[in-house]
1. Take the residues in the range A:126-136 that are surrounded by fewer than 13 Cβ atoms within 10 Å (Cβ to Cβ) and in a helix (DSSP H, G or I); name whichever of them is nearest to the chain's Cα centre (by Cα).
2. Which of the residues belonging to the range A:161-184 are open to solvent by less than 40 Å² (accessible area, probe 1.4 Å) and more than 27 Å from the chain's Cα centre (by Cα)?
3. Report yes if A:Phe202 is within 14 Å of chain B (Cβ to nearest Cβ), modelled with pLDDT of 90 or more and closer than 15 Å to B:Leu27 by Cβ, otherwise no.
4. Given the criteria at pLDDT below 90, assigned to a helix (DSSP H, G or I) and within 11 Å of chain B (Cβ to nearest Cβ), does A:Lys170 qualify?
5. On the basis of being more than 30 Å from A:Ile209 (Cβ to Cβ), among the aliphatic types (A, V, I, L, M) and either touching a residue at least 60 places away in the same chain (Cβ under 8 Å) or assigned by TED's automatic domain parsing to the domain that holds A:Val231 (or both), does A:Val322 make the cut?
6. Is there a residue being closer than 22 Å to A:Ile183 by Cα and open to solvent by less than 100 Å² (accessible area, probe 1.4 Å) anywhere in the range B:50-68?
Amino acid sequence: MDFRHFFDSKKISFIAIFAVLTTFSVAKATTYAAPDTAAATGYEAHADEEFEPTKVIMEHISDAHDWHLWGHTSIPLPVILYTDKGFEFFLSSAFHHGEHDHPGKHYTYRLVDKKKIKVVNAAGAVDEEASKNVWDFSITKNVASMFLSVIVLLLIFTSVARAYKRREGKAPKGLQSFLEPIILFVRDDIARPNIGHGYARFMPLLLTIFFFIWVNNLLGLIPIFPGAANVTGNIAVTFVLALIVLIVVNVNGNKYYWKHILMPDVPWWLYPIMIPVELVGVISKPFALMIRLFANITAGHIIILSLISLIFVFKSLAIAPVSLAFVLFMNVLELLVAALQAFIFTLLTALFIGMAVEEHH
Amino acid sequence: MSFDIGNPSIGLVFWTLIAFLLLLLLLRKFAWKPIMEAIGEREKSIEDALTSAEKAKAEMARLTNENEQLLKAARAERDVILKEAKALKDQIVADAKNLAQAEGAKLIEQARKEIDDQKKRALADVKNQVSSLSLEIARKVLQKEFEDERKQEALVTDLLKDVKLN
């Protein structure tokens, strides 16, 4: 066999990665200039655009007001706005992908950067002052995808629960036998060793966190319609998860936990340093959870999209096999990461809860 | 282009909170509770089954042990009985032998005595017969001898010579 083409492809991929890095930096420079022109013209030009990987990738990993299917086809999603004058409901198709402004009941709205809804004044310019009074509670792509995952989770686990009732005391079967080891893993390897006695109280939270993150991670890996949203790679979602962990940990903190924070075992004159440090620790633990999940999932999406972008950057079909090989590898890796990040988030949650409820003797 | 990182959208935060809490509540009620209970119950029943199996095994071992003990005891008892029987047999045989010997000896002794008596009697008989016979003979001889007078005188003379009157 001739292995030379492998060397060639390696060289090519090296060049490709180098190229994509340089493209990123160039694209970044242009990105900063872009909003001004977009704001000035009000519409985005579609035809004969220079391919900008950064823009494409950022678009893909960001939230959107419609669920893109292919080409110019996308599923419109409901827009819900809370303004100082009342609620507004309409479909995102009213914006025609940001090409038209939508005259609502209270204001006229414009879709900026495909995801921000701003108020437009009579002169046709964005009114930033009035936009501040508009709160966007739309069912965006991420929200829709998250609802989908919630429905999937409810269907899966209620059916598994039914299976447990139907086959009481018998060996698990089918979906039940696939999920039981995972449930037992969460119980025996995450909850029990970290929380210890009284772990059962936190099992619903830990299991829900684990499967919610896992299913959303997996849905994010699907490149077409039911997936493709970057839910767990969105800081808002990980923020909420981390916030829930923060609340659960501190609500369940016992007197030893609070004593450790407010009256640590150090000389009293160190308190001015120690107490702020401990209080920062209270916040920084869930903060790390938020950043870790967001960064890992987003990074995975960016890498895969970058590799796909290579084909368009080089404008060559020859690069496609190389790109696809790397994408395939990354997808498999992301499958692992999807489960791993769900595991780590759950493990650390259990650990923090365990630290808060630990009894000292 | 701007990115979500520094600016989590309020809508997504709101809907995530609603969706997650709803999911948590629904799953807790309809999934986690029955699932965890079912798993716990099954684990308990398996544990019970294992414990009872272990108990049964111990009981079995105890019974086997007991049986063995009984068997051993029975065997020992059998050995003892056999030994006793053998000793008894030996005793009986020995006794019988002794008795037979004693009886035999007594019989022999009796026989010997009888023989002795018979012999003595026969001897006495023989003696009597011999004495009467010899007396007869002597009488006959003397009769014959002293038929002749001279011979009588000769003898008397002879005898008188021997007497010498001391």
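1. Once the filter is applied, the top-ranked residue is A:Glu128.
2. Within the range A:161-184, A:Ala161, A:Ala163, A:Tyr164, A:Gln176 meet the criteria.
3. Spelling it out, A:Phe202 is indeed within 14 Å of chain B (Cβ to nearest Cβ), modelled with pLDDT of 90 or more and closer than 15 Å to B:Leu27 by Cβ.
4. Criteria not met by A:Lys170.
5. So A:Val322 passes the test.
6. No, the range B:50-68 contains no residue that is closer than 22 Å to A:Ile183 by Cα and open to solvent by less than 100 Å² (accessible area, probe 1.4 Å).
Residue-wise test of (1) under 18 Å from A:Trp67 (Cα atoms); (2) assigned to a helix (DSSP H, G or I).
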| residue | (1), (2) |
| --- | --- |
| A:Gly124 | no, no |
| A:Ile139 | yes, no |
| A:Thr158 | no, yes |
| A:Ile183 | no, yes |
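Residue-by-condition table, conditions (1) closer than 30 Å to A:Gly71 by Cα; (2) open to solvent by less than 20 Å² (accessible area, probe 1.4 Å):
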site: A:Val186; (1), (2): no, yes
site: A:Phe210; (1), (2): no, yes
site: A:Pro223; (1), (2): yes, no
site: A:Asn234; (1), (2): yes, yes
site: A:Val237; (1), (2): yes, yes
site: A:Asn250; (1), (2): no, no
site: A:Tyr256; (1), (2): no, no
site: A:Val266; (1), (2): no, no
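The values are calculated or read from the model by the stated rules, or taken from the named source; none is laboratory data. A quick note: this is a predicted structure, and the numbers were derived from the prediction, not measured. Counting neighbours? That spans all protein chains shown, and the Cβs are built from the backbone with ideal geometry, glycine included. Heavy atoms of the whole protein, side chains included, go into the accessibility calculation; ligands, DNA and RNA do not. Shrake-Rupley method; radii C 1.70, N 1.55, O 1.52, S 1.80 Å.
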